[in-house]
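The values are calculated or read from the model by the stated rules, or taken from the named source; none is laboratory data. What you are looking at is a predicted structure, and each value in this text was computed from that prediction instead of being measured. Note that each Cβ is placed from the backbone with ideal geometry, even for glycine, and that neighbours are counted across all protein chains shown.
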Amino acid sequence: MVNVVLYVPGDMALPPKISDAAIGEDCTHRIEETGCGPHHVLTFPELPRAIDLALRVIGELVRIPGAWATVGGQRMSSLVSLWNRLDCYRQSLPHVDRIAYCQGRAATLRSLLGCGVQSCATPCQFVCPQCSVKENPATAFLVHPETQMLLVLGEIEWCPNLVQSSQV
């Protein structure tokens with residue numbers, strides 16, 4: 001189960017679409033001191049059940065300066081990155097073999113981008129070291145990084161579709 005927490009600066013009122021979403025069992029709302037002032041904290045503890053709601057709220061928050069998110073306690077670099085990864089996860093949900101689905105998406109992306117690294121058999125489209133240089137320059141210096149490091153740099157290590165080598 002994935003735990004997504006969204007933070008909105010507390011000095012502003014939540015837009016109606018977001019405050020409406022915060023009423024119900026799929027999302028909780030509270031005000032919390034975060035070290036950089038009070039924030040509205042929206043928690044989605046039941047993903048994938050509430051994934052559509054979380055994606056709608058994230059889509060609204062992208063427009064709010066100072067809004068940010070964590071997944072599994074790890075801060076995401078941007079709400080857009082989180083939205084992209086959650087949407088990819090949502091698209092995998094109807095597939096019986098989600099791991100194969102994710103590997104297929106990664107292979108398609110490598111092909112589209114012209115990634116010629118034969119050893120690049122990554123389990124996720126967000127972690128190919130050669131193809132993801134454009135999105136995350138920190139991976140450019142990595143030649144043959146461990147998959148776990150790529151998952152962390154790709155901000156996707158939380159995804160339930162990824163089977164870590166230590167879990168196999």
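Considering every residue within region 29-40, establish whether at least one is within 25 Å of Gln91 (Cβ to Cβ) and out of contact with any Gly (no Cβ under 9 Å at 6 or more places or on another chain). Spell out how you get there, then give the answer.
Here is the first cut: in region 29-40, the residues within 25 Å of Gln91 (Cβ to Cβ) are none.
So far as region 29-40 goes, no, none of its residues is within 25 Å of Gln91 (Cβ to Cβ) and out of contact with any Gly (no Cβ under 9 Å at 6 or more places or on another chain).
Return the residue satisfying two criteria in turn: it lies in region 21-59 and is among the acidic types (Asp, Glu) and either within 13 Å of Leu86 (Cβ to Cβ) or in contact with a Leu (Cβ under 9 Å, 6 or more places away or on another chain) (or both), and of such residues it is modelled with the lowest pLDDT. Outline the logic, then answer.
Just the residues of region 21-59 that are among the acidic types (Asp, Glu), to begin with: 25-26, 32-33, 46, 52.
With either within 13 Å of Leu86 (Cβ to Cβ) or in contact with a Leu (Cβ under 9 Å, 6 or more places away or on another chain) (or both) added as a condition, the list becomes 26, 52.
Numbers: Asp26: 85, Asp52: 92.
Among them, the one singled out is Asp26.
Tell me, which residue of region 72-87 that is of a type outside the set (Gly, Ala, Ser) and out of contact with any helix residue (DSSP H, G or I) (no Cβ under 7 Å at 6 or more places or on another chain) is nearest to Arg49 (Cα to Cα)? Talk me through it step by step, then tell me what you get.
Residues of region 72-87 of a type outside the set (Gly, Ala, Ser): 74-76, 79-80, 82-87.
If we keep only those that are out of contact with any helix residue (DSSP H, G or I) (no Cβ under 7 Å at 6 or more places or on another chain) too, we end up with 74-75, 80, 84-85.
Working: Gln74: 21, Arg75: 22, Val80: 21, Asn84: 17, Arg85: 16 Å.
Residue satisfying both the conditions and the ranking: Arg85.
Scan region 78-97 and give yes if some residue there is more than 30 Å from Met12 (Cβ to Cβ) and among the aliphatic types (A, V, I, L, M), otherwise no.
So far as region 78-97 goes, yes, one or more of its residues are more than 30 Å from Met12 (Cβ to Cβ) and among the aliphatic types (A, V, I, L, M).
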